[in-house]
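Trainee: Below: one structure in structure tokens.
The numbers here are math on the coordinates, done by the rules we state, and not lab data. All figures in this text were calculated on a predicted structure; none of them were measured in a lab. No Cβ is skipped: glycine too gets one built from the backbone with ideal geometry, and neighbour counts run over all protein chains shown.
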């Protein structure tokens, strides 16, 4: 057993025993990538705050069902993914009853030299993020995890349950689709 | 370039951009870019697009970062908690052990008078309460509201918009709040 695996096993055991600080430590270590995972699955940044709380609640409810603490990250990703999918579907049902305002309106950045530059920058960001959102989830998940968490192919494959070759293929296809969607929209 | 060549190039570009390429693959990519300007231009397109999309994603998530952070626990916070617990324990022990003089408390109930302990440690026997005999039969009273034929009335409740229906038809009288302003 590696030192990392042993540390993880010990942390999970402490959290299961309800030791003060153990649960907080797990959240502190994993919360950032769980947020990225939610975004990768739902492609909606406004859902992240709500869903991350639901995910941690589910984690504490089901921590005893984790058979292999060394696989905590993959297990946590599956909990996050399922919760995010449920949340995304619920959000779609809710949104179908309303006429949404513009989702992609980015706030103006006052550090920019002028309002026009800020608007242009906001529009470009919205276009790029919109393209990522329109990717099929199959390709979006590894792409977002690669860019937000800087995970390598093996790490992405571990949480998604894919081989390294499959991860690579999906990243290539994600980039190809993005290139087709954004052709001529990113200035040199 | 053929489709197969394009796909191979895409995989090569992807591996280089993701820092997954071996030194040999990286050297191959550099050589291809140097020798074939169109390959170099394509790689530059890939790199620029990848960077722009990555920046946009990170900017979007930065706007969604949690804004609350746990405060560090200082030593004096812990010391204060320990002191407070110790003080509370001392007070509780003092109140428990100190005998209270009879009649010094609030208005004495029959139970208190009967118990009237000299010390908290003296054995006491609870006294039985006197209970009125329960009537064996019940006669329903005749209740009529003056000037009204029905057996229920509506009266205003404690708050605006709340009314109560008072109805006599059983052993007990029900007062049902009606949350409707009519």
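Trainee: Given a Förster distance of 41 angstrom, what is the FRET efficiency for residue A:85 paired with residue B:55, based on the Cβ-Cβ distance and rounded to 0.05?
Mentor: Numbers: r = 27 Å, r/R0 = 0.66.
E(calc), rounded to 0.05, equals 0.90.
Trainee: Rounded, prolate or oblate: which fits the stretch A:15-58 when a ≥ b ≥ c are the square roots of the eigenvalues of the alpha-carbon gyration tensor, with rounded for a/c under 1.5 and prolate only if a/b beats b/c?
Mentor: Details: a/c = 3.32, a/b = 2.43, b/c = 1.37.
Cα axes put the stretch A:15-58 in the prolate bin.
Trainee: Also: Report, largest value first, the span of the C-alpha coordinates of the stretch B:21-63 along each principal axis, in whole Å.
Mentor: Cα extents, longest axis first: 42, 23, 7 Å.
Trainee: Based on alpha-carbon positions alone, could you give the equivalent ellipsoid semi-axes of chain A from the gyration tensor, as √(5λ), descending, whole Å? Don't skip to the answer; put the middle values down first.
Mentor: On the way: eigenvalues 222, 82, 54 Å².
Result for chain A: semi-axes of 33, 20, 16 Å.
Trainee: Can you give the FRET efficiency for residue B:25 and residue A:10, using 1/(1 + (r/R0)^6), R0 = 35 Å, r = Cβ-Cβ distance, to the nearest 0.05? Please list the in-between numbers first.
Mentor: Numbers: r = 39 Å, r/R0 = 1.11.
FRET efficiency, residue B:25 to residue A:10: 0.35.
Trainee: In the Gaussian network model of chain A, springs joining C-alpha atoms below 10 Å, which of A:122, A:157, A:87 carries the largest mean-square fluctuation?
Mentor: A:122
Trainee: Measure nothing but the geometry: give the 0 to 90° angle between the long axis through the Cα atoms of A:3-17 and the longest principal axis through the Cα atoms of chain A, rounded to 10°.
Mentor: In chain A, helix A:3-17 runs at an angle near 80 degrees to the longest axis.
Trainee: Got the relative contact order for chain A handy, in percent, Cα pairs under 8 Å and 6 or more residues apart?
Mentor: Numbers: 148 pairs, mean separation 43.2, N = 188.
Relative contact order, chain A: 23 percent.
Trainee: Another question, if that's okay. Going by average Cβ neighbours within 10 Å, how do the peptides A:78-84, B:36-42 rank, with the highest at the top? Don't skip to the end; give the middle numbers.
Mentor: Values: A:78-84: 20.9, B:36-42: 13.9.
Sorting A:78-84, B:36-42 by mean packing, highest first, produces A:78-84, B:36-42.
Trainee: Where does helix A:48-62 land angle-wise versus the long Cα axis of chain A, in degrees 0 to 90, nearest 10?
Mentor: 20 degrees
Trainee: Using Cα atoms only, what is the angle between the long axis of helix A:22-42 and the major principal axis of chain A, expressed in degrees (0 to 90) to the nearest 10?
Mentor: 40 degrees
Trainee: Over all directions, how big on average is the projection of the convex hull of the alpha-carbon atoms in the stretch A:3-96, in square nanometres?
Mentor: On the way: hull surface 23.7 nm².
Answer in nm², one decimal: 5.9.
Trainee: Next question, about the same structure. In terms of the Cα gyration tensor, with a ≥ b ≥ c the square roots of its eigenvalues, is the stretch A:117-182 rounded because a/c is under 1.5, prolate because a/b exceeds b/c, or oblate?
Mentor: On the way: a/c = 3.07, a/b = 2.04, b/c = 1.50.
Judged from the Cα gyration tensor, the stretch A:117-182 comes out prolate (a/c at least 1.5, a/b above b/c).
Trainee: Please compute the contact order of the stretch A:3-96 in relative form: average sequence separation of alpha-carbon pairs under 8 Å and at least six residues apart, divided by the residue count, as a percent. Intermediate results must be reported in sequence, preceding the final value.
Mentor: Values: 58 pairs, mean separation 32.4, N = 94.
Relative contact order, the stretch A:3-96: 34 percent.
Trainee: Which distance in nm do the two modelled labels at residue A:28 and residue B:63 give, with both placed 7 Å along the Cα-to-Cβ direction?
Mentor: Inter-label distance under the simple model: 3.0 nm.
Trainee: Calculate the mean, over all residues of peptide B:14-20, of how many other protein chain Cβ atoms lie within 10 angstrom of the residue's Cβ.
Mentor: Values: counts 10, 4, 0, 3, 12, 3, 8.
Mean shielding count: 6.
Trainee: I need B:78, B:164, A:35 ordered by Cβ neighbour count within 10 Å, fewest first.
Mentor: B:78, B:164, A:35
Trainee: Calculate the mean, over all residues of peptide B:46-53, of how many other protein chain Cβ atoms lie within 10 angstrom of the residue's Cβ. If you can, show how the numbers build up before the last one.
Mentor: On the way: counts 4, 0, 3, 10, 8, 2, 9, 14.
For peptide B:46-53, the averaged partner shielding equals 6.
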